[in-house]
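S.K.: Let me begin by handing over the structure; questions about it come next.
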Amino acid sequence: MDPASFILQASIALAMVGLLTAVTALALSGALKRNDDVDSLFWYGFSGLLAVLLVIIGAAATIEGSSGMVAAGALVLIGIAAGWLWRGEHDRKSKLADEVVRSEREAVRARHDRVLQQWVTYELDPAATIDFPDMTDLSRSDTSQLIRSMRAAALLREQFDGGDVGLIEYESAVGRLETKLAAAEFAAGVVMRGSVEGSWRTER
């Protein structure tokens, strides 16, 4: 076989290996994104590897002296594909982790906002102020503790937003604030509140 034909046929074999490797890598990437089971991942990888091996064997049988070159090229291409898969999976997991953290941060802020909204109702809603004057009476222990927890949570929120404290510390402060609000409401005789409009039933 003349050199030109050898190079052409070996290049075609390598191109087939590259195509099969790329298809396999894309299939594995899609399976990872879909969180397919391990069996699916195995069969995608096994099928792709088997196809590549068949090309190498076919090249060795039909193109004399090409087996070493095609096999070496296949190893390089498989290594590139594996690196691409690893990088993509690493980036995907990092993004998922960031999204989880962002969701947790937003959830804690939302809890804090709900407590503040409840408290503001007792100050701004005339009906609530009349029905539950104890909720704004700072001489009462439950109410004063609520206010102190509110200030502590507000300070930690500022530090949390500035990156000076972590999520666990801020979430603990919000949890304490929720507990203090529930205790103050119980002491004031609040049994039930409407979700938006604001309707209460007192324990008398």
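S.K.: For region 63-152, rounded, prolate or oblate, judged on the Cα gyration tensor with a ≥ b ≥ c (square roots of eigenvalues), a/c < 1.5 rounded, else prolate if a/b > b/c?
M.R.: Prolate, because a/c is 1.5 or more and a/b exceeds b/c.
S.K.: Moving on to the next point. For the chain, find the longest principal axis of its Cα atoms and tell me its angle to the long axis of helix 167-188, 0 to 90°, nearest 10.
M.R.: Helix 167-188 sits roughly 30 degrees off the main axis of the chain.
S.K.: Give the angle, between 0 and 90 degrees and rounded to the nearest 10, that separates the Cα long axis of helix 141-161 from the longest principal axis of the Cα atoms of the chain.
M.R.: Approximately 30 degrees, to the nearest 10.
S.K.: Once both axes come from the Cα atoms, what is the angle between helix 3-33 and the longest principal axis of the chain, in degrees from 0 to 90, rounded to 10?
M.R.: For 3-33 against the chain, the angle is about 20 degrees.
S.K.: Only loop residues by DSSP count here, and only those with at most 13 other Cβ atoms within 10 Å; note down the GluC sites (Glu not before Pro) in region 4-102 that meet that.
M.R.: Taking region 4-102 and a limit of 13 other Cβ atoms within 10 Å, the loop GluC sites (Glu not before Pro) found are Glu64.
Since every read-out is calculated from the coordinates, none of them should be taken as a lab result. Treat the numbers as computed from the prediction; the structure is a model and nothing was measured. When we count neighbours, we look across all protein chains shown, and the Cβ atoms used for this are built from the backbone with ideal geometry, even at glycine.
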